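Structure, as structure tokens:
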Amino acid sequence: MNNTGPKVRLSRALGLPLTPKAVKYFEARPYPPGMHGRARKNESDYKIRLREKQRLRAQYNIRETQLRNAFAKAAKVKGAKTGEALIVDLETRLDAVVLRSGFARTIYQARQFVVHRHVLVNGRRVDRPSFRVRPDDVVQIAQRSRSMVPFQIAATGANTENVPPYLEVVHDALTARLSRLPERREIPVVCDEQLVVEHYSR
């Protein structure tokens, strides 16, 4: 029995590893799951755009309704490409900031930490992963939660080898500040956002 788990199967279906555990499986079998996974088929434009939307959803671990609402919001941003505005908006979600700051290893773990009330924003507990962090907001792990093993590991800087430049992180204090809005080129999300725009604009 191939017990790779749903995250690994999803990673292979979407063409990118979604968790550290998925990386080794993905590198060994970088094709979609199932008996026809290796076969290359001609895909319709619709299927290509749909998969790109699913890749974006998976990387932020959000529901379809949440992504659709974020797209509608991004489409109203003046002077910006809709796709880039969409990615920037998603990147300011609290769970995404917790992940990028190195306080969690995966977006799934980051969401769990927020929901379980381990995260503060400007000194106030926030338990909504979709909460949008604004420039100069300070995100930190609650004092009473810092004795937990995942946060002790995070405090050593073990998860912060790729902290993006729009975040100022103090590892041992488990504190991060969003210094400014991110730029698309700085956001480590694998996505052709123009295809997502085309999917929703059809």
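The values are calculated or read from the model by the stated rules, or taken from the named source; none is laboratory data. On a predicted model such as this, the values are computed, not experimentally measured, just so you know. Don't worry about glycine lacking a Cβ; one is built from the backbone with ideal geometry, like all the others, and counts go over all protein chains shown. Just so you know, the surface numbers come from the protein's heavy atoms only, side chains and all, with ligands and any DNA or RNA stripped out. Shrake-Rupley method; radii C 1.70, N 1.55, O 1.52, S 1.80 Å.
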field: Those residues of the stretch 187-202 which are in contact with a Pro (Cβ under 8 Å, 6 or more places away or on another chain) and open to solvent by 30 Å² or more (accessible area, probe 1.4 Å), in sequence order
entry: 188
message: List pairs: first residue in the stretch 56-79 and surrounded by fewer than 16 Cβ atoms within 10 Å (Cβ to Cβ), second residue in a helix (DSSP H, G or I) and small (Gly, Ala, Ser) anywhere in the structure, Cβ distance under 9 angstrom, at least six positions apart or on different chains.
response: 73/85; 75/85; 75/201; 76/85; 77/85
- prompt: Say we look at the stretch 126-175 and pick out the residues that are part of a helix (DSSP H, G or I) and out of contact with any strand residue (DSSP E or B) (no Cβ under 8 Å at 6 or more places or on another chain); which of these is surrounded by the fewest Cβ atoms within 10 Å (Cβ to Cβ)?
  reply: 149
query: Given the conditions (1) outside any helix (DSSP H, G or I); (2) open to solvent by 70 Å² or more (accessible area, probe 1.4 Å); (3) free of Cβ contacts under 8 Å to residues at least 40 places away in the same chain, which single one is not true for residue 120?
result: (2)
